[in-house]
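Engineer: Attaching a single structure in structure tokens format; questions to follow.
Readers should treat all values here as calculations from the given coordinates under stated rules, not as data from a laboratory. The structure presented is a predicted model; accordingly, all values stated were derived computationally and were not measured. Cβ: placed from backbone, ideal geometry, glycine included. Neighbour counts: every protein chain shown.
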Amino acid sequence: MANLAVELVTPERTFLLDESNKKIDNVDAVITTGTEGEMTILPNHAPLITALAPGLLTLRSSVGETVFAVSGGFLEVNVNVVSVLADAAECSHEIDVERAKAARDRAREIIDTAVDSDEAMSARGALSRALGRLRAAERGDR
């Protein structure tokens with residue numbers, strides 16, 4: 001059975017490359033949330049380009065799952081290669097849970113007290129990112 005090669009790139013760093021700077025190529029499935037809902041990419045998936053919503057990016061392989069929190073971006077699938085260009089991403093084991101909880105609480109407070117819609121919308125985005133980070137940390141590597 002074919003596997004997927006995956007790369008995850010943010011403005012700050014590139015994830016999922018081996019020592020030779022080749023894409024990780026032993027992934028059985030990529031599960032993530034696009035702007036239209038959750039999706040699973042399996043080997044031999046049709047070509048696709050989609051926007052990502054803040055949430056989880058889960059890589060499933062024979063050795064388990066690796067979970068990332070992503071805060072939006074784009075995903076492209078082309079001939080068993082999945083390229084993710086994310087605004088920001090963190091691997092589950094790198095997430096500072098206390099910092100994410102503080103960001104969640106701050107965002108909720110701003111939403112509750114916002115005086116204009118722009119402030120509330122910005123806080124909703126921050127809340128979505130914080131909740132995604134907390135879900136990723138909870139899921140962890142399996």
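Engineer: With +1 on each Lys and Arg Cβ and -1 on each Asp and Glu Cβ, and nothing else charged, work out how big the dipole of region 4-92 is about its Cα centre, in Debye to the nearest 20.
Structural biologist: Values: 4 positive and 12 negative charges, 19 e Å.
So the magnitude is around 80 debye.
Engineer: Quote to one decimal, in nm, the extra length available between Ala102 and Glu119 on full extension: 0.36 nm per residue of separation minus the C-alpha distance between them.
Structural biologist: 4.3 nm
Engineer: Over the chain, with a Gaussian network built from C-alpha contacts below 10 Å, which listed residue (Glu65, Glu38, Glu98) shows the highest mean-square fluctuation?
Structural biologist: Result for the chain, Cα springs under 10 Å: Glu98 fluctuates most.
Engineer: In region 4-92, what is the volume of the convex hull around the alpha carbon atoms, normalised per residue and reported in Å³? Spell out each step's value before the answer.
Structural biologist: Details: hull volume 7.6 nm³, N = 89.
It comes to 85 Å³ per residue, whole-number rounded.
Engineer: Taking the Cα centre of region 35-142 as origin, work out the dipole magnitude from +1 charges on Lys and Arg Cβ and -1 charges on Asp and Glu Cβ, in debye rounded to 20. If you can, show how the numbers build up before the last one.
Structural biologist: Numbers: 12 positive and 17 negative charges, 62 e Å.
So the dipole magnitude of region 35-142 works out to roughly 300 debye.
Engineer: To the nearest 20 Debye, how big is the dipole of region 96-139 about its Cα centre, given +1 on the beta carbon of each Lys and Arg and -1 on that of each Asp and Glu? Don't skip to the answer; put the middle values down first.
Structural biologist: On the way: 10 positive and 9 negative charges, 72 e Å.
That gives a dipole near 340 debye.
Engineer: Let me ask something additional. So for the chain, taking the charge dipole from beta-carbon charges (+1 Lys/Arg, -1 Asp/Glu), which of Ala69, Val6, Ala137 sits furthest toward the positive end?
Structural biologist: The one lying farthest along the dipole's positive direction is Ala137.
Engineer: Something else: Roughly how many whole Å is it from the C-alpha centroid of region 120-142 to that of region 37-58?
Structural biologist: 18
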